[in-house]
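J.: Have a look at this one before I ask anything.
The values are calculated or read from the model by the stated rules, or taken from the named source; none is laboratory data. Fair warning: this is a prediction, and the values are worked out from it, not measured in the lab. Ideal geometry is used to build each Cβ from the backbone, glycine not excepted, and the neighbour counts take in all protein chains shown. In case anyone asks, the SASA skips ligands and DNA or RNA and just uses the protein heavy atoms, side chains included. Shrake-Rupley method; radii C 1.70, N 1.55, O 1.52, S 1.80 Å.
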Amino acid sequence: MNGGSRRRRLTSRASAGRSVAAQRSAGNRGRLGRSTGGVFLDRLSARGRLAWLSSAGSRIGTSLDLERTAQELAEFTVPGFADGAAVDILESVLRGEEGARWTGTGVPPMRAAALSSVESLSSLEPTPLGETFVRGEQQHETLLHQYCLRQGRPVLVSRIHDDDFIKVAPTESAAAKMRAAGVHSYLAVPLIARGLLLGSADFVRGPGSPPFSSTDLALAEQLASQAAVFIDNARLYGRERAHVVSLQRSLLPRVTPVTPGLRVHPEYAPSTAHHGVGGDWYDVMALPSGRTALMVGDVMGHGLPAAATMGRLRAVARTLMTLDMAPERVLARLDLATRDLEDEQVATCLCAVYDPVDSTYTLASAGHLPPLLLDGRGAADFVDVPTGAPLGAGVIPYDPVRLRVPTGGHLVMYTDGLVKSRHADLDHQLDLLRAAARDLEPGTLEGGGLVDRAPAGTARFDEAVLLTATTASGTPADLRVWQLPQEGRAASVARGLVTEQLAAWDLAELADVCELVVSELVGNALRYGNGPGELRLLRGERLVVEVSDTGPDLPQIQHADLSDEGGRGLQLINMLCRRWGSCRTVTGKVVWAEQNLPT
């Protein structure tokens, strides 16, 4: 009995001891406040601290966005490790440059990249996010942040005394706020990857939290080492992406030419998503007789290969359009060129030619999304263009469609990045695009506002190209069109019309050459083209004269012997004009010549 009683008394004392220990532990946790899993990090076992560091790998660096990675670092440490955290990144690193050890005076230019804090420290005054700051040595000779950056070593202030606040705060006002909020402990660690300084992370603890210890310092150093690798990866990705975007933009037109009777606004919107840059392109070309060629295309794939393929296809397409070929013939030639590429790429393309005389478009599509037509009176609908096979598929020919656009109407050409979604049907996205375009004011639509209002919106994960063409009112003032008679006096009539119009334009000094040119063009139409059709005269950056006919054969310069009576007309035009050319039309062909205007 005595032994049993003794054992019961010992058991009771042990239970009581454990109860008191538990109460003391609970009281300490209540006084200290924040904890991780019920135990502070500095009181966790080595395995627990390793588990905490391991979890950082899945919560930091979830994207390749540098500033988002910095924010994830700050949020990961609050409130589990600190009551407040701030991450500053070197300005040069944010520009994609290499990090470096700072050897100059003061502190290198840095930008506040991330902030996080518990509610009790919300009144602090850290450097505002996105603000670049430079602090010289004359401001705070013993600035701890400066020491951390210049030496590449952590700084630990377990207990902040009154004269220490100005050493850790950016301003005297911020120091006063820290003192008033009860901040009592400070820790700063440099962010170093591959031996190069990228920035720093600052941590503070306030009321109810224990001061930072040497264990916390070791944890912060290991965490900063991991986070620096993620930040450096984001920097490298951002730099490479900037290079691809720069290449992409350099392959696109730098300026949009003046187009009679048409206002064209292009918009290129690269995606912020990973591998979201690639082969979208557009082109705008001024053609003879005031016509305008518009083109939008999309190479399948992303990155440098797609951008390089886009550049080659755009060069080929521009060459073909310069020859004044019909849109469907341009696509057929582009298909052959695409199949000749070694990388076996496939692309979609939409080609259109606008004629200001009758406000009509001739369109042809190679697997591209249909253009959107807004009539300027509130109606919007997609143009029913026959959708041919994508370029490179080897399925030709392509069928054109002719479309008349009312004055003030808009033709919107775009790539699928504007509507593409991983969760919604394409038809539904197109309906949303039509509704968004219909609701926009004309000025906003012409200014590229549809990029921001498009269905993809902020969730857009692919680049996009938008080309908005608006028809001006009436026939352009610098374009004249006449119908020539089908008889021998056509050349005389054409010379009189041209001479009179040049005098009205104060270009009488070009009349002699222009009379000779138009005589030769009309003579060729009478001899080889079943008689002339229309005569057009366009004054733009240059003076262009054009004669149409119904003949099937395109003219070519012939070698004429001394004894030959003819064959020198095109030779004269070639010598007297800047350039000349011809193209096929639905009813025959057009031959044109171009002269430079007097300076």
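J.: Given R₀ = 25 Å, FRET efficiency for S214-S173 by Cβ-Cβ distance, to 0.05?
T.: Once rounded, the FRET efficiency stands at 0.20.
J.: Would you mind telling me the share, in percent, of accessible area of segment 364-440 contributed by carbon and sulfur at probe 1.4 angstrom?
T.: 49 percent
J.: Additional query: Can you list the aspartates and glutamates whose alpha carbon sits under 18 Å from that of K167, skipping same-chain ones fewer than 8 residues off?
T.: D88, E125, E137, E141, D202
J.: While we're on this one: Using 0.36 nm per residue, how much length does the chain from R438 to E541 gain when fully extended, once their Cα-Cα distance is taken away?
T.: Going from the current span to full extension adds 33.6 nm.
J.: I'd like the accessible area for D549: 1.4 Å probe, protein heavy atoms, all chains in place, Å² to the nearest 10.
T.: Counting only protein heavy atoms, D549 exposes about 10 Å² to solvent.
J.: Give, rounded to the nearest 20 debye, the magnitude of the charge dipole that segment 500-543 has about its Cα centre when Lys and Arg contribute +1 at Cβ and Asp and Glu contribute -1 at Cβ.
T.: In total the dipole reaches around 240 debye.
J.: Expressed as a whole percentage, what fraction of the accessible surface of segment 483-599 belongs to carbon and sulfur atoms when a 1.4 Å probe is rolled over the protein heavy atoms?
T.: Carbon and sulfur atoms account for 48 percent of the accessible area of segment 483-599.
J.: Also, quick follow-up: Please compute the contact order of segment 481-532 in relative form: average sequence separation of alpha-carbon pairs under 8 Å and at least six residues apart, divided by the residue count, as a percent.
T.: 44 percent
J.: Using only the heavy atoms of the protein chains and a 1.4 Å probe, how would S200, S421 rank by accessible area, largest first?
T.: S421, S200
J.: Please arrange R402, R568 by accessible surface area, largest first, computed with a 1.4 Å probe and ligands excluded.
T.: Descending accessible area places them as R402, R568.
J.: Here's a follow-up. So for D232, D431, what's the accessible-area order with a 1.4 Å probe, most first?
T.: D431, D232
J.: What distance in nm lies between label points placed 7 Å from Cα along the C-beta direction at Q222 and F133?
T.: Going from the Q222 label point to the F133 one covers 3.1 nm.
J.: Something else: What ³J(HN,Hα) values, in whole Hz, does the Karplus curve 6.51 cos²θ - 1.76 cosθ + 1.60 give for segment 61-72 when θ = phi - 60°, with x put for Gly and Pro?
T.: x, 6, 9, 9, 9, 5, 5, 5, 4, 4, 5, 5
J.: Okay, next question. Please state the relative contact order of segment 487-599 as a whole percent: Cα pairs under 8 Å, 6+ residues apart?
T.: Relative contact order comes out at 23 percent.
J.: Something else about it: Quick one: if you stick a label point 7 Å off each Cα along the C-beta vector at E509 and S123, how many nm between them?
T.: Those two pseudo-labels are separated by 7.9 nm.
J.: Accessible area per residue, 1.4 Å probe, Å², for segment 345-484: what's the number?
T.: Each residue of segment 345-484 exposes 41 Å² on average to a 1.4 Å probe.
J.: Same structure, new question: How many nm is it between the label spots at N574 and L597, if each spot is 7 Å from the Cα in line with the beta carbon?
T.: About 2.8 nm separates the two model spin labels.
J.: Let me ask another. Quote the accessible area belonging to W580 in square angstrom, nearest 10, computed with a 1.4 Å probe and with ligands, DNA and RNA left uncounted.
T.: 60 Å²
J.: Using Cα pairs closer than 8 Å and at least 6 residues apart in sequence, work out the relative contact order for segment 122-255, in percent.
T.: Taking the mean separation of contacting Cα pairs over the length of segment 122-255, I get 21 percent.
J.: Once every Cα of segment 334-382 carries one equal point scatterer and solvent is ignored, give the base-10 log of I(q)/I(0) from the Debye formula at q = 0.28, 0.32 Å⁻¹, two decimals.
T.: -1.10, -1.16
J.: Determine the share of segment 108-245's accessible area contributed by carbon and sulfur atoms, expressed in whole percent, with a 1.4 angstrom probe.
T.: Whole-percent figure for carbon plus sulfur exposure: 52.
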